[in-house]
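Here the structure is laid out as structure tokens; the discussion comes afterwards.
Taken together, the values in this text are just the output of simple stated rules run on the coordinates, not laboratory data. These numbers were taken from a predicted model, which means no experiment stands behind them. Here the Cβ positions follow ideal geometry from the backbone for every residue, glycine too, while neighbour counts run over all protein chains shown.
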């Protein structure tokens with residue numbers, strides 16, 4: 001018993017002060033919003049308040065997930081991210097118009113998840129970079145061809161590898177963040193990971209709030225994301241860049257690097273969201289699943305992160321090589 | 001021993017595997033909590049249907065609920081026979097009875113006897129698994145059973161997407177999102193005719209089907 005407590009204290013002490021501060025802030029914010037939404041729901045019970053509570057509960061799940069990924073031994077985080085990636089892959093494949101003869105190729109996609117995350121876990125960069133983009137991209141069309149049915153084979157050959165790219169390859173970069181090394185920077189992957197997740201999440205919120213405050217004047221993509229306006233997008237980007245400077249203590253970046261990364265994450269977040277919306281409109285569905293109530297499926301929540309992660313990773317990899 | 005082991009096996013292995021790996025979601029299962037004895041009526045596309053139906057049952061109903069399966073198929077090999085009888089709790093019946101055969105009781109009588117013992121049943125009245133996403137007409141046996149047991153409720157269940165996870169004549173199980181959706185239990189009026197009760201059951205199952213879920217039912221094409 002005492003040994004277990006000792007172990008927990010050691011684990012607690014191993015978390016850097018900056019990370020503790022961020023999680024303290026996040027959990028305090030969540031407790032505050034939970035109380036506010038609970039009171040709101042008790043006094044004026046309607047659709048909006050129950051939706052807000054659902055969303056808030058989903059944010060709790062996300063925050064706890066990120067807490068585990070960031071502070072527990074890295075293997076737990078890798079398993080969690082791999083599982084989320086697997087579920088996203090399944091969600092995306094489930095809503096796609098596929099053929100009965102694609103089943104074996106789909107099965108191989110699922111098998112690729114543990115391999116890709118193993119490569120990310122051990123940090124074997126070359127294998128990690130080419131496993132899906134080269135090896136799986138060759139194997140899948142061959143398997144499809146061997147299945148014998150040629151009707152619609154071109155469509156399957158493009159849909160399945162793209163889904164694998166978006167739902168497995170891109171999120172797996174998150175675990176590669178832990179293998180980057182900077183001079184005089186001790187927070188390591190945890191700080192870098194928190195930075196991108198916080199910025200992408202807040203970018204969503206900023207764009208939403210600014211869009212609502214400015215009213216629906218000039219829409220960016222009226223046919224795809226009707227609630228996003230030019231004003232909301234630009235002010236959202238500026239706010240995200242501002243936040244990027246504010247939480248720079250999590251990273252080794254300079255002032256200008258933080259602005260660049262904040263802007264890039266904001267732009268990627270917007271396009272990630274718009275891309276998924278376009279796909280969903282084509283398939284005539286609202287949400288891709290219902291794992292996180294109020295947010296739809298995993299993919300509905302990850303949409304703004306998915307493109308941002310690999311681009312963020314490669315920019316900071318470049319920065320790491322400079323230093 | 002079996003009373004503890006099998007529900008435990010489902011709770012610790014089968015259910016998590018179905019929920020988190022295969023992607024099965026159980027909707028509105030709370031209908032079952034209030035029910036005592038019932039007949040579950042579901043559409044049938046895959047062998048996976050039976051496994052998921054059993055996994056969705058709360059432990060108290062588990063050992064008292066029997067899916068009804070075709071004996072000619074499930075008694076083929078010893079392993080399949082053992083698994084279906086012990087793990088899936090199935091009752092094997094003979095689908096094809098010789099016309100002149102009189103020694104065996106009819107399927108309806110066997111099932112009726114089980115209902116009289118207080119057991120619950122899981123029935124797939126379509127008869128066989130059929131085409132994915134297409135519900136064929138129900139066999140009339142279910143209506144006869146309901147008519148003979150007045151006051152016995154039936155619970156309609158619609159299964160979405162199992163035809164893609166494990167289609168007929170395939171052995172590879174591919175994880176894809178699918179759903180077990182329970183409806184509210186209905187007690188049919190025993191004064192109605194067999195045809196009317198049959199229609200009632202069929203409509204109850206079909207009413208659980210949602211338009212935008214058609215895509216989960218079957219592959220776009222072969």
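Equivalent ellipsoid semi-axes for segment A:181-322, as square roots of 5 times the alpha carbon gyration tensor eigenvalues: give them largest first, rounded to whole Å.
28, 18, 12
Using a 10 Å cut-off around each Cβ of peptide B:171-181, what is the average number of partner chain Cβ atoms that fall inside?
Shielding by partners across B:171-181 averages 4.
Listed highest first by mean packing, meaning other Cβ atoms within 10 Å per residue, what order do A:267-277, A:226-236 come in?
A:267-277, A:226-236
When DSSP beta bridges are limited to those with both residues in the protein assembly as shown, what percentage is antiparallel, rounded to the nearest 5?
Expressed as a percentage, antiparallel bridges in the protein assembly as shown total about 30.
When the Cα centres of segment A:60-77 and segment A:92-167 are compared, how far apart do they sit, in Å?
27 Å
What residue among A:26, A:196, A:66 has the largest mean-square fluctuation in a Gaussian network model of chain A, using Cα springs under 10 Å?
Residue with maximal mean-square fluctuation among A:26, A:196, A:66: A:26.
Once the principal axes of the Cα atoms of chain A are found, what is the range along each, listed largest first in whole angstroms?
Computed over chain A, the largest-to-smallest principal extents equal 57, 50, 46 Å.
Restricting to DSSP H runs of at least four residues, report the calculated mean residue ellipticity at 222 nm for chain B, -39500 (n - 2.57) per run over all residues, nearest 500 deg cm²/dmol.
Calculated mean residue ellipticity at 222 nm is -8000 deg cm²/dmol.
Quick one: plug the Kirkwood hydrodynamic radius of chain B (C-alpha pairs) into Stokes-Einstein at 25 °C, 0.890 mPa s, and report D in µm²/s. Each step should come with its number before you reach the end.
Numbers: Rh = 17.9 Å.
Estimated via Stokes-Einstein, D reaches 137 µm²/s.
Evaluate peptide A:88-95: per residue, the Cβ atoms of other protein chains within 10 Å of its Cβ; return the mean as an integer.
Numbers: counts 0, 1, 8, 3, 1, 6, 10, 4.
For peptide A:88-95, the averaged partner shielding equals 4.
Rounded to whole Å, give me the distance from the Cα center of segment B:45-91 to that of segment B:138-165.
16 Å
Count, for each residue of A:96-107, the Cβ atoms from other chains sitting within 10 Å of its Cβ, then give me the mean as a whole number.
For peptide A:96-107, the averaged partner shielding equals 5.
Sorted by average packing, counted as other Cβ atoms within 10 angstrom per residue and highest first, what order do B:76-85, A:67-76 take?
Averaged packing, sorted descending, gives the order A:67-76, B:76-85.
With runs of 4+ DSSP H residues as the only contributors, calculate the mean residue ellipticity of chain A at 222 nm using -39,500 (n - 2.57) per run, divided by the residue total and rounded to the nearest 500.
-25000 deg cm²/dmol
Which whole-number percent of Cα pairs in the protein assembly as shown have a distance greater than 43 Å?
30 percent
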